[in-house]
1. Nearest 0.05, what FRET efficiency do Asp186 and Tyr99 give at R0 = 30 Å with Cβ-Cβ as r?
2. Quick one: which residues, 5 or more positions from Thr203 or on another chain, have an amide H under 5 Å from its amide H? H modelled 1.01 Å from N in the peptide plane, none for Pro or chain starts.
3. If each residue of separation counts as 0.36 nm, what is the full-extension length gain between Arg130 and Glu161 once their alpha-carbon separation is subtracted?
4. Please tell me the relative contact order of the stretch 1-151 in percent, rounded to the nearest whole number, where contacts are Cα pairs under 8 Å and at least six residues apart.
5. Counting other beta carbons within 10 Å of each residue's own, what order do Lys255, Lys216 fall into, fewest first?
6. Quick one: which residues, 5+ away or cross-chain, put their amide H under 5 Å from the amide H of Ala32? H built at 1.01 Å from N.
7. What percent does the relative contact order of the stretch 91-205 come to when contacts are Cα pairs within less than 8 Å and at least six residues apart?
8. Taking neighbour counts of Cβ atoms within 10 Å as a proxy for exposure, in what order, fewest first, do Phe162, Phe207 appear?
Amino acid sequence: MFVDSHCHLNYKGLVEDQDAVLARAQSAGVSAMLNISTRRSEWDAIVATAQKAPYIWASIGIHPHEADAHADVDTALLVAASHNPKVIGIGETGLDYYYDHSDRDQQRRSFRAHIAAARETGLPLIVHTRDAEADTAEILRDEMGKGVFPGVIHCFTASSEFADIALELGFFISISGIVTFKNAQDLQATAARIPTERLLIETDAPFLAPVPHRGKPCEPGFVADTARFLADLRDIPVETLAAQTSENFYSLFSKATR
């Protein structure tokens with residue numbers, strides 16, 4: 001059984017037919033999924049969706065694109081919102097210098113506030129990083145020196161060198177459907193060598209549908225296609241990869257129950 005460690009069930013493309021999306025995911029062998037928030041206005045709905053079924057979980061956080069609009073969201077607010085029993089992670093948060101939708105200084109402040117919340121609660125930090133490897137690594141290293149915290153680099157597309165830094169810091173690395181793309185040779189090489197005990201899989205649905213679903217809204221059920229591709233890449237049975245990545249999910253997101 002597969003675990004989709006990062007999806008957006010309340011986003012356009014999924015929310016309109018959410019019950020059918022969930023049914024298709026279960027038919028595809030998805031036993032759990034983590035519904036991710038990106039802005040404060042979503043938090044109630046994200047948690048409410050998680051409360052619909054025992055196999056759905058939720059996160060609380062502010063995406064770096066939204067940092068400017070959420071300058072008031074501090075560590076205390078994140079910690080308070082995380083007390084709900086269905087909330088098992090902090091994020092997604094991080095840095096995105098590709099789009100620069102928010103001021104970089106404010107992105108960094110928001111990122112550190114989320115890290116402090118992860119440290120205080122013990123909940124894993126869910127990190128988004130794009131075109132910001134150096135600053136992401138610097139902040140993670142600096143903050144780790146103040147006290148350790150668990151985390152995952154979601155939808156990993158960064159360099160092999162950044163993967164080594166993340167692993168050195170104790171982070172998990174989550175692979176999305178991007179790994180199935182023809183032009184993703186560098187990512188494929190990195191994904192093939194991530195230690196088995198640090199590997200997660202995700203869809204980031206409704207984005208980034210894997211082959212053979214390119215051009216369609218991505219669904220949590222498509223994590224099975226990513227898993228099969230990744231298993232072939234690593235030359236292991238897909239059942240082995242499914243079991244290990246599921247075990248890793250519950251190891252990292254220890255607040256989740258099976």
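1. With R0 = 30 Å, the Cβ-Cβ based efficiency is 0.90.
2. Ser5, His6
3. On the way: separation 31, 0.36 × 31 = 11.16 nm, distance 1.43 nm.
Extra length from Arg130 to Glu161 when fully extended: 9.7 nm.
4. Relative contact order comes out at 19 percent.
5. Details: Lys255 16, Lys216 11.
The order, fewest Cβ neighbours first, is Lys216, Lys255.
6. Those lying under 5 Å, H to H, from Ala32 are Asp4.
7. Values: 165 pairs, mean separation 25.0, N = 115.
Rounded, it is 22 percent for the stretch 91-205.
8. The most exposed by this proxy come first: Phe207, Phe162.
Every read-out reported here was derived from the displayed coordinates using simple, explicitly stated rules and does not represent laboratory data. Quantities reported herein were computed from a predicted structural model and do not represent experimental measurements. Ideal geometry is used to build each Cβ from the backbone, glycine not excepted, and the neighbour counts take in all protein chains shown.
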